[in-house]
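What follows is one structure encoded as structure tokens, with my remarks underneath.
Coordinate-derived values only; no laboratory data. Please read all numbers here as calculations on a predicted model, not as lab measurements. No Cβ is skipped: glycine too gets one built from the backbone with ideal geometry, and neighbour counts run over all protein chains shown.
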Amino acid sequence: MSAHFDIEKDNISFFRIFKRVLIGMVILICTFFAGLTYSILNANPSYMHDWRGFVYIVLVIVAFLLYACPTLFAFSWRDWPPPLGYAVSIWSGLYLVVFLLTLINNTFQWAFYVVFSISLSLFSGRRQIIAVAIMALTLFAFQGLLIWPLSGDAIVSIVSQVMPIFSMTGFIILFQRLVKERFERNTLFQKLDQANSELAETHRQLEQSMVQNQELAVLRERTRLAREMHDTIGHALVLISVKLEAAQRLRERDPGRCERELESTKEIAREAMTVLRASIANLRSPVLERESINHALSRSARELAHRTGLHVTYTLQADIECLPVPVEEALWKVSQEAFTNIEKHAHASHVQACISWQDEKLLMLIHDDGVGLPQHLYQSQQENCLTYSSPEGHYGLRGMFERIEAIGGQFTLRSGREQGTTIEIELPLAHVDKRASAQTEVEIDRHQ
């Protein structure tokens, strides 16, 4: 059973009892008015033969309605006490009717205790005390107790009536405060229960978000591992395949060179195993552990020219050795993917690679004059940009784009049948201190 349910049940029980008490008070006042009216009319039969009898009965009915209606509907008030204008109008109306009835017959002065009763229902605090004081002074005036100088009997009579009247008033004020505190407490409990429910819902959403974040992290890690495997093991397997095919062709014609190709193939396989272990351990590329990015890229370009007989030109700015590790990793992986694609698919004659600083940005360009990419791998978009995707089961183009995007760079691809393929990478590296710029241009032209 929830706290909210208990509070609602408690409130319903309280209002039920309160309503019964109010109905009982209305019945009691109705009996009082009926008895008092019967007593006065019975003692004054002449009233029934002139205007006083009719006016008397009408005023009694109005007085009863002025008391009964607000009393019976008091339990439906959302906020207590009721609005001041409403309370003053009801109290003034009942006071005036009882005052007129008392003018007709002084015995009706005791009906001012009905005004006292409704004062306790309509007002609270100081307003209640003022209303009760006005009622008491009016009652004492009709009783003839306010004639100056006050006699001893008058003082005794006033004190004997004031004490119970204001004692009851004080008790009612205390009771009203207790009831108000009770409802404030229940309201606080309801808010706490609602806050607990909201916290439980927030906790559930956080748990769900954590699960989703974990699943997203797993997915990202799978993507990273797939990209790492493609950029390392995939490239190594391509080279191994190419070298084994070359060794197979040279086996009869040039056994010595065939043996060298086989030894080179074994070395590539060993390096692939080392890279695989490093990828599993989430380490930096072993190549970059042994040498700088500048030396690694120049060596890779020379090896490409040596393996394929391509004319390779590379321009590397000397101070790129001071790059952050993630940037070096991205440039190395993208260059290896580009060189592998050129060697395997481009059918090119010339390759150009360039890395340089321009306007606080690092630019990398790799261009070949080959056949270009198949049309189904990219689509032209606005502002001369291309969207591209790797064939099913391959991660090359997508992997390059994701690597550059992950370090805040811009990856641009241009390709055409008469233009070959160009990869441009732009990295904002203004925070990296650059040393004095020096460029080295090397041309390699090896033919089998």
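Projecting label points 7 angstrom from Cα along Cα→Cβ for Arg299 and Glu267 puts them 1.0 nm apart. Taking 1.567 mPa s as the viscosity and 4 °C as the temperature, the Stokes-Einstein diffusion coefficient of the stretch 77-236 based on its alpha-carbon Kirkwood radius rounds to 60 µm²/s. From the alpha carbon centroid of the stretch 340-372 to that of the stretch 8-35 is 94 Å.
The length gained by stretching the chain between Ser13 and Val238 to full extension, at 0.36 nm per residue less their Cα-Cα distance, is 72.7 nm. Note on Gln419 and Cys30: the model spin-label points, each 7 Å out from Cα along the C-beta direction, lie 9.8 nm apart. In a fully extended conformation the segment linking Arg398 and Ile23 would gain 126.9 nm over its present Cα-Cα distance, using 0.36 nm per residue. Using θ = phi - 60° in the Karplus curve 6.51 cos²θ - 1.76 cosθ + 1.60, the 3J(HN,Hα) couplings for the stretch 14-22 round to 4, 5, 5, 5, 4, 5, 5, 5, 5 Hz; x is entered for Gly and Pro.
Please rank Ser46, Ser89, fewest neighbouring Cβ atoms within 10 Å first, as an exposure proxy. Let's see the in-between values first.
Values: Ser46 9, Ser89 14.
Going from least to most buried by this count: Ser46, Ser89.
Restricting the calculation to Cα atoms, the stretch 3-143 yields a radius of gyration followed by a Dmax of 17.3, 65 Å.
Applying the Karplus relation 6.51 cos²θ - 1.76 cosθ + 1.60 with θ = phi - 60° to the stretch 346-362 yields 3J(HN,Hα) values of 6, 6, 9, 10, 10, 10, 10, 10, 8, 10, 7, 8, 8, 6, 6, 10, 9 Hz, where x marks Gly and Pro. In terms of its C-alpha gyration tensor, the stretch 153-248 has a prolate overall shape, because the principal axis ratio a/c (a ≥ b ≥ c, square roots of the eigenvalues) is not below 1.5 and a/b outweighs b/c.
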